[in-house]
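Below is one structure; the comments refer to it alone.
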Amino acid sequence: MQNILNALKKIDRMVLVVLKALTITLFLFLSLLVSANVLVRFVPVVSLHWFDEIVEMLYAALVFYGAAALWITREHFSLGDWIGTKILKGSRTRCCYRAALEVLVLIFASIFFYYSLRLTILARDVTNVFAIPKSVLYSCMPIAGAVMVVYSIRNIIHNIVPLISKRTDNPESPKI
């Protein structure tokens, strides 16, 4: 059992490293393109007529892959645990509260995944300059949604295990 948990932690770290590297790389490309666009406006030596569609693709991927990375580490925007720590008494009640919140988060992530996958599959048009299928542009959404669903399930399990095992020392978040 410990070998399985260690393998899952290793996979978690690898997924997180890939998402972080991808996000940083996308940000660097986006920064270079925006800088080049500003330069070309002052020194018009070349036309960047393709600029909008590439920036759109990079920005979408940056946002959704970055959100998935934040989802894994639980560093995304949230209300926090102010109700669970300040209002609710008893660690079992807090575990139930956290599990209920995670179920709501899972519902959101599942709806997001379903509709973004549907959008990606049904997209038939292409971009104007490079004729890149819009499904390629939209593919970052269902991929990020799938990551969010998997890690929401992980968080629910993490909050339910202490209730089942009658352990009440539930840490804030799983360690990756």
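Does at least one position in the range 1-17 carry a residue that is surrounded by 14 or more Cβ atoms within 10 Å (Cβ to Cβ) and closer than 26 Å to Val129 by Cα?
Checked the range 1-17: no residue is surrounded by 14 or more Cβ atoms within 10 Å (Cβ to Cβ) and closer than 26 Å to Val129 by Cα.
Take the residues of the range 61-105 that are basic (Lys, Arg) and touching a helix residue (DSSP H, G or I) at 6+ places or on another chain (Cβ under 6 Å): which is modelled with the highest pLDDT? I'd like the intermediate steps shown before the answer.
Residues of the range 61-105 basic (Lys, Arg): 74, 86, 89, 92, 94, 98.
Still in the list and also touching a helix residue (DSSP H, G or I) at 6+ places or on another chain (Cβ under 6 Å): 94, 98.
Numbers: Arg94: 78, Arg98: 82.
Among them, the one singled out is Arg98.
With respect to Ser110, determine if the residue is hydroxyl-bearing (Ser, Thr, Tyr), within 19 Å of Ile157 (Cα to Cα) and modelled with pLDDT of 90 or more.
Judged against the criteria, Ser110 is a match.
Of the residues that sit in the range 35-50 and are loosely packed, with under 14 Cβ neighbours inside 10 Å and among the aliphatic types (A, V, I, L, M), which one is nearest to Thr73 (Cα to Cα)?
Among those residues, the one meeting the criterion is Ala36.
Every residue, every condition in (1) over 18 Å from the mean Cα position of the chain (by Cα); (2) closer than 27 Å to Val55 by Cα; (3) β-branched (Val, Ile, Thr), yes or no:
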{"residue": "Tyr97", "(1), (2), (3)": "yes, no, no"}
{"residue": "Ala100", "(1), (2), (3)": "yes, no, no"}
{"residue": "Leu106", "(1), (2), (3)": "no, no, no"}
{"residue": "Leu119", "(1), (2), (3)": "no, yes, no"}
{"residue": "Thr127", "(1), (2), (3)": "yes, yes, yes"}
{"residue": "Leu137", "(1), (2), (3)": "no, yes, no"}
{"residue": "Pro142", "(1), (2), (3)": "no, yes, no"}
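Checking Ala21 against (1) of a type outside the set (Lys, Arg); (2) at pLDDT below 95; (3) assigned to a helix (DSSP H, G or I); (4) surrounded by 12 or more Cβ atoms within 10 Å (Cβ to Cβ), which single condition isn't satisfied?
Single failed check for Ala21: (2).
Could you list all residues from the range 43-69 that are in contact (Cβ under 8 Å) with a residue 60 or more places away in the chain and charged (D, E, K, R)?
Glu53, Glu56
Quick check on the range 122-176: of everything there that is surrounded by 14 or more Cβ atoms within 10 Å (Cβ to Cβ), farther than 22 Å from Val15 by Cα and of a type in the set (A, V, I, L, M), which residue is modelled with the lowest pLDDT?
Leu163
Could you list all residues from the range 104-130 that are farther than 12 Å from Val149 by Cβ and part of a helix (DSSP H, G or I)? I'd like the intermediate steps shown before the answer.
The first filter runs over the range 104-130 and keeps only residues farther than 12 Å from Val149 by Cβ, leaving 104, 115, 118-130.
Leu104, Tyr115, Arg118, Leu119, Thr120, Ile121, Leu122, listed by residue number.
The values are calculated or read from the model by the stated rules, or taken from the named source; none is laboratory data. Model, not experiment: these values are computed from the prediction. In this analysis, Cβ positions are derived from the backbone assuming ideal geometry, glycine residues included, and neighbour counts consider all displayed protein chains.
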